[in-house]
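The values are calculated or read from the model by the stated rules, or taken from the named source; none is laboratory data. This one's a predicted model, so the numbers in the text were calculated from it and none came from an experiment. A quick note on method: Cβ atoms are made from the backbone with ideal geometry, for glycine too, and the neighbour counts reach across all protein chains shown.
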Amino acid sequence: MARKARTNLPEAQDASAADRLAPIRTERLELVLLSPELLRAILEGEPAAGLEIPAGWPDEHDRRFLQLRLDQVTKDPGRLEWLPRAIVLRKRGRPVIGHIGFHGPPGVNGPRKPNALEVGYTVFEPFRRRGYATEAVSAVLAWAREAYEIHHFVASVSPDNVPSLALVRRFGFRRTGRQWDDEDGEELVFELHL
């Protein structure tokens, strides 16, 4: 069972914008919002606010993803709190071990899912199979419930991504369909109602 995330947010109705932008902390992780400034630094290979960026990251796929999110928030600053978050180990050096977030604010998943959030995550290879993805997903789902009272979540997973398929099933996501993603190919679509 996933650990309950300990966020630094007050009750949902009292959560201020500053609280929603603050890092989300769990037992082992800190989920740091990739602000436009931080995104620019990462994309330009500059120091990134005390974070230890792994060599070779971002790769070409993540570079396109991070640039897309930067372009979106530049055009619509209201998307700021929906930017991805770096998954950072809460230890000396603060290494970035992946990223997590939602594909955008509620409702970007089409008219059939107007209040749903689609979660996406990546844990870099040397840090996989240690429960970090489970801990991070638990934390962002708790954040969305606490800050926005969101109870409907979507996850799209490649049919050959066995670890992610196991993770979404562990959380209780149910398969509801298939789709084609121009970037990632065939995906199985899962939904969770809390």
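Within segment 156-174, track down each residue that is assigned to a loop (DSSP other than H, G, I, E, B) and buried (at least 17 other Cβ atoms within 10 Å of the Cβ). Within segment 156-174, Phe173 is the sole residue that qualifies.
Annotation: Ala12 fulfils all but one of (1) buried (at least 18 other Cβ atoms within 10 Å of the Cβ); (2) modelled with pLDDT under 95; the unmet one is (1). Restricting Phe124, Phe153 to those that are touching a Gly at 6+ places or on another chain (Cβ under 7 Å), touching a residue at least 24 places away in the same chain (Cβ under 8 Å), of a type outside the set (Val, Ile, Thr) and surrounded by 12 or more Cβ atoms within 10 Å (Cβ to Cβ) reduces the list to Phe124.
When both residues are 6+ apart or on different chains and their Cβ atoms are under 7 Å apart, which pairs have a first residue that lies in segment 129-149 and is over 16 Å from Phe173 (Cβ atoms), and a second that is surrounded by fewer than 19 Cβ atoms within 10 Å (Cβ to Cβ) and of a type in the set (Ser, Thr, Tyr)? No pair meets every condition. Every condition in (1) buried (at least 16 other Cβ atoms within 10 Å of the Cβ); (2) modelled with pLDDT under 95; (3) part of a strand (DSSP E or B) is met by Gly177 except one, and the failing one is (1). Of all residues in segment 71-86, those being farther than 22 Å from Ile150 by Cα and touching a Pro at 6+ places or on another chain (Cβ under 9 Å) number 1. The set of residues in segment 127-150 being assigned to a loop (DSSP other than H, G, I, E, B) and either among the hydrophobic types (A, V, I, L, M, F, W, C) or surrounded by 20 or more Cβ atoms within 10 Å (Cβ to Cβ) (or both) consists of Ile150 alone.
Here Gly101 passes the criteria (1) exposed (fewer than 14 other Cβ atoms within 10 Å of the Cβ); (2) in contact with a Lys or Arg (Cβ under 6 Å, 6 or more places away or on another chain) except the one numbered (1).
Quick one: which residue in Leu68, Leu89 is surrounded by fewer than 22 Cβ atoms within 10 Å (Cβ to Cβ) and in contact with a Pro (Cβ under 7 Å, 6 or more places away or on another chain)? Exactly one of Leu68, Leu89 is surrounded by fewer than 22 Cβ atoms within 10 Å (Cβ to Cβ) and in contact with a Pro (Cβ under 7 Å, 6 or more places away or on another chain), namely Leu89.
Inspection of segment 66-79 identifies no residue that is touching a residue at least 40 places away in the same chain (Cβ under 8 Å) and either touching a helix residue (DSSP H, G or I) at 6+ places or on another chain (Cβ under 7 Å) or charged (D, E, K, R) (or both).
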